[in-house]
Amino acid sequence: MLKLRWPARPPSAGKSHRGETRWFTQRLVETSPLRAADPRTKLALALGASLAVMLPLPRLGLFLAGYVLLVAWARLLPEVGRHLWRARWVLGLLFVVDFWLVGPELALTISLRVALLTGVFALFFSTTTPRELGLALEALRLPYRYAFSLTLALASLSLLEEEWQAIREAQAARGVQPGRGLRELWRQAGDLVAFTVPAIVLTTRRAWNATEAAYARGFDSPHRRPYQSLRLSRLDYALLGVCGAGLAVLFWGGRFLP
Amino acid sequence: MTEALRLDAVSFRYPRDGLGVGPVSLALPAGEALLLAEASGGGKSTLARLACGLIPHLYHGELRGEALLFGQPISRQPLWAISERAGLVFQNPAMQMLTTSVEDEIIFGLENLGLSPAEVRRRLEAALQCLGLEPLRQRGPQTLSGGEQQKLALACALARRPDLLVLDEPLSMLDSTAARDLVGHLRELQAAGQTLLICEHRREFLADLPGLRTARLANGGAARPTAPAPDPGSAAGPLAAAEAFSLTVQSLTARRGGRAILRDLEFTLAAGQLVAVLGRNGTGKTTLLRALAGLQPAEGRLAVQSAAGETAPRFSLVFQNPDLQLFQASVRAEILFRLPQPDLAWYEWLLNHLGLKRYEEAPPLLLSEGEKRRVALATALMRQAPHGVLLDEPSLGQDAHHKAVLLRTLRQLTHAGRLVIMATHDLELAAQADMLLVLGANGLVAHGRPAELMAEAALWPRAGLWLPDWAWPAAETRPC
């Protein structure tokens, strides 16, 4: 059986946890079949989707149709939908501005491209843990210390969001509230210091504490040996094959396609 | 006998401010346990970092004397090699989590030892079992309670099987039950021959660790001067008396992330009281303060009744983490921030009383943790909120002297008719309050005077709190 070669988990392991795993502002969807795919495959899919944004509108539409099928199979429609909903203002603004400046075709193309990239982001981070991303980056020859630092930074983003909220509350308790309207513009600029200084201090402190914690557990050891290793499974080959073939047809399909 | 750690006239100075520790001399034989007891800012954390090699390998400063770890000079070994012999558990467990699951957190340190996957698995299971973390193995570390996080930090260090385990204020953020549990684990480790170096203010919890030696840093150790005792002449305080009022809380329910944190709280408090809110980690102590400060949406009724009628409560809130609130270039600017007509007599009294006068022009963010806490307290008190002040864990990391200063300051407020409500794990501090609110998993377990509540043996287990003997020196009965 070709699968990610994780050491077997004892039966007690599973989804007994109360708190969901979140990282990079993203919830990990354990039930998705894409969880079993190698993170390198998902990186390749993401790269392929990023290339697809260069397709002209009719072919981009075809790619998007295939992409929606993939998302539906991966049981990630709610997750991707949530992301697109968050990006609705950006997408709407892009559409309106492009429609006004150039025309409906470009407006639709640009909006679909941004929507596709947003969806790819959601698909990857909903099904990949920081550890898996780190392993994939290491497999791509990125030195461990950089791969680890990158995944740690991404994993900390959701914490930064919480800290920002805490700063807003703490400053509100001192009477510093974000002002509204042009008349308060000067005051708002002054208040910005009240939010940014603590944010910088907390981020720096968190980064330093993480550095200390990592080095206290032998982060720089030359003897490091990864506990888990990656191996492509049939699922990975199937995904890579289907997506690669699809992209090839879309890019070089010639006169058989719109 | 082999010496795990030996310091010969070791001193260290941080380059930024010249503060640090020492000169210190001490010897810790292998298999023994040593408690470093020192005042706030006395250099305990610096010494803990030194014992684990973070000083001088990560912190660059002026290091003098000789520090030996199992006979080898710390400064001449690579940090990864030191980390294999000396493990460190930090004060704030939430800030030392590096991964997104309990399992991964433990595995991280084991991978760095170069162990085979089978050995990693064995040690992982042993660490999870030893500290009772098996049910939590898939949980994100940031979703754990403070006690669980500290257990995880201990598990991460223990799984690497260091010869010396250094613990830097491991109990400071834990409720009494979690602290007792952690000390229980330390007792087991000690019995198994583990060498322990513990830096801790809450020494009373460690009293029953057999054979625990206590050491004080030589030369006072403290490179940073402690706050001077308040001038007795100024103890009266210039705060004007407030009119009498009472705070009524009815059917207060607050939710976070869809989960009810506070359920149907009902109590009434009078002006001029010092109130301590007790409860285990996660029972909603901070949420209650946030609701009283108007920062937490809540259902129910929160009202202040006075001769002038009924109004919404207006309190200042001092957060647990002072870094959330401080941003000005000087202590003076921080305390007087956006106060059009500050009461300068009150300002001077606060500076003197809280030992901040000498730092008046210093940037608050460069002060020690304890000093920053006092600046944050001063900023809240300077606003003279009409009904009083709310404090979240005000005694965190404070030694007995600073706790006494804090208590005297809070008493000034209550004498002037303000209501002071503090959420705390510190049972000694809580014992000196006028009123206790004890929160449990399902809401308010009890409220009343400390002397009354301490006599209720059944109360404390209901709240999930362990009540040690020393917490209530006047108690005739001991519930647990």
For the stretch B:257-399, compute Rh as the Kirkwood radius over C-alpha pairs and then the Stokes-Einstein diffusion coefficient at 10 °C and 1.306 mPa s; write the answer in µm²/s, rounded to an integer.
95 µm²/s
Once the dipole of the stretch B:35-185 is set up from charges on Cβ (+1 Lys and Arg, -1 Asp and Glu), the residue from the list B:A153, B:T100, B:L110 lying farthest towards its positive end is B:L110
Out of residues 5 or more away from B:S145 or on other chains, whose amide H comes under 5 Å of its own, with H placed 1.01 Å from N in the peptide plane?
none
So what J values fall out for the stretch A:117-133 if you push phi through Karplus, 6.51 cos²θ - 1.76 cosθ + 1.60 with θ = phi - 60°, rounded to Hz, Gly and Pro as x?
5, 4, x, 5, 4, 5, 4, 5, 6, 7, 10, 10, 7, x, 4, 5, 4
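Given R₀ = 51 Å, what would the calculated FRET efficiency be for A:L77 paired with B:S25, taking r from the Cβ atoms and rounding to 0.05? Could you put the intermediate results ahead of the total?
Numbers: r = 67 Å, r/R0 = 1.30.
For A:L77 and B:S25, the calculated efficiency is 0.15.
Based on the alpha-carbon gyration tensor of chain B, what equivalent-ellipsoid semi-axes (square roots of 5 times the eigenvalues) come out, in whole Å, largest first? Don't jump to the answer; show the numbers that get you there.
Working: eigenvalues 313, 156, 80 Å².
Listed largest to smallest, the semi-axes of chain B are 40, 28, 20 Å.
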I'd like to verify something in chain B: which complete DSSP H helices, judged by Cα projection on the helix axis, reach 24 Å or more and average at least 0.5 on the Kyte-Doolittle scale?
none
B:A303 to B:H415: FRET efficiency via 1/(1 + (r/R0)^6), r the Cβ-Cβ distance, R0 22 Å, to the nearest 0.05?
0.35
Along the positive direction of the dipole of the protein assembly as shown (beta-carbon charges: Lys, Arg +1; Asp, Glu -1; about the Cα centre), which of B:L377, B:G440, B:W80 reaches farthest?
B:W80
How high is the relative contact order of the stretch B:3-220? Use alpha-carbon pairs under 8 Å, at least six apart in sequence, and give a whole percent.
30 percent
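Scan chain B and hand back the longest stretch that contains none of the GluC sites (Glu not before Pro) lying in DSSP loops with at most 12 other Cβ atoms within 10 Å.
On the way: sites that count: B:E243, B:E361, B:E476.
The longest uninterrupted stretch comes out as B:1-242.
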Dipole of the protein assembly as shown (Lys/Arg Cβ +1, Asp/Glu Cβ -1, origin at the Cα centre): which of A:A238, B:F267, B:P135 lies farthest to the positive side?
A:A238
Quick note, the stretch B:3-220: a/c under 1.5 would make it rounded; otherwise a/b > b/c is prolate and the rest oblate (a ≥ b ≥ c, C-alpha gyration tensor); here it is prolate
Measure off 7 Å from each Cα along the Cα-to-Cβ vector at A:A238 and A:R88, then give the distance between these two points in nanometres to one decimal.
3.5 nm
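Taking R0 as 45 Å, what's the FRET efficiency between B:R255 and A:S229 from their Cβ-Cβ distance, rounded to 0.05? Let's see the in-between values first.
Values: r = 43 Å, r/R0 = 0.96.
Using R0 = 45 Å, I get an efficiency of 0.55.
Which of rounded, prolate or oblate describes the stretch B:96-173 when judged by the alpha-carbon gyration tensor and an a/c cut-off of 1.5? Walk me through the intermediate numbers first.
Numbers: a/c = 1.75, a/b = 1.25, b/c = 1.41.
Here the stretch B:96-173 falls in the oblate category.
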Give the long-range amide H neighbours of A:S229: residues separated by 5 or more places, or on another chain, with amide H under 5 Å away, using H modelled in the peptide plane at 1.01 Å from N.
A:R5
What spacing in nm lies between the two simple spin-label points modelled at A:A153 and A:A65, each 7 Å away from Cα in the Cβ direction?
4.0 nm
Rounded, prolate or oblate: which one fits the protein assembly as shown, using the alpha carbon gyration tensor with axes a ≥ b ≥ c (rounded when a/c is under 1.5, else prolate when a/b beats b/c, else oblate)?
oblate
Which of B:H387, B:H415 comes first, and how do the rest follow, when ranked by fewest Cβ neighbours within 10 Å?
B:H415, B:H387
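Anything over 24 Å Cα to Cα? Flag those among B:K151/B:K372; B:K151/B:K403; B:K285/B:K372; B:K285/B:K403; B:K285/B:K357, in the order listed.
Details: B:K151/B:K372 28 Å; B:K151/B:K403 27 Å; B:K285/B:K372 22 Å; B:K285/B:K403 20 Å; B:K285/B:K357 32 Å.
In this structure, B:K151/B:K372; B:K151/B:K403; B:K285/B:K357 lie more than 24 Å apart at Cα.
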Would you please give the residues with an amide H less than 5 Å from that of B:L5, counting only those at least 5 places away or on a separate chain, with H modeled from the backbone geometry?
B:L28, B:F70
Simple spin-label estimate for A:E162/B:T268, 7 Å along Cα→Cβ, in nm, reads 3.8 nm
Separation between Cα centres of the stretch B:297-321 and the stretch B:77-144, rounded to whole Å
43 Å
Enumerate the residues in the stretch A:115-151 having an amide nitrogen under 13 Å from the point lying 7 Å beyond the Cα of A:A207 toward its Cβ.
A:149-150
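Would you list B:C130, B:C52, B:C199 from fewest to most Cβ contacts within 10 Å?
Details: B:C130 16, B:C52 31, B:C199 24.
Going from sparsest to densest Cβ surroundings: B:C130, B:C199, B:C52.
Are there trypsin sites (Lys or Arg not before Pro) in the stretch B:1-77 that DSSP puts in a loop and that have at most 15 other Cβ atoms within 10 Å, and which ones?
Working: sites: B:R6, B:R13, B:R16, B:K44, B:R49, B:R64, B:R76; in loops: B:R16.
Sites meeting the loop and neighbour criteria: B:R16.
About the Cα centre of the protein assembly as shown, what is the dipole size in debye to 20, counting +1 per Lys and Arg Cβ and -1 per Asp and Glu Cβ, all else neutral? Each step should come with its number before you reach the end.
Numbers: 79 positive and 66 negative charges, 433 e Å.
Dipole magnitude for the protein assembly as shown comes out near 2080 debye.
Bear in mind that the values in this text are calculations on the coordinates, not laboratory data. The model shown is predicted, which means the values in this text are computed figures rather than measured ones. So basically every Cβ, Gly included, is an ideal-geometry build from the backbone, and we count neighbours across all protein chains shown.
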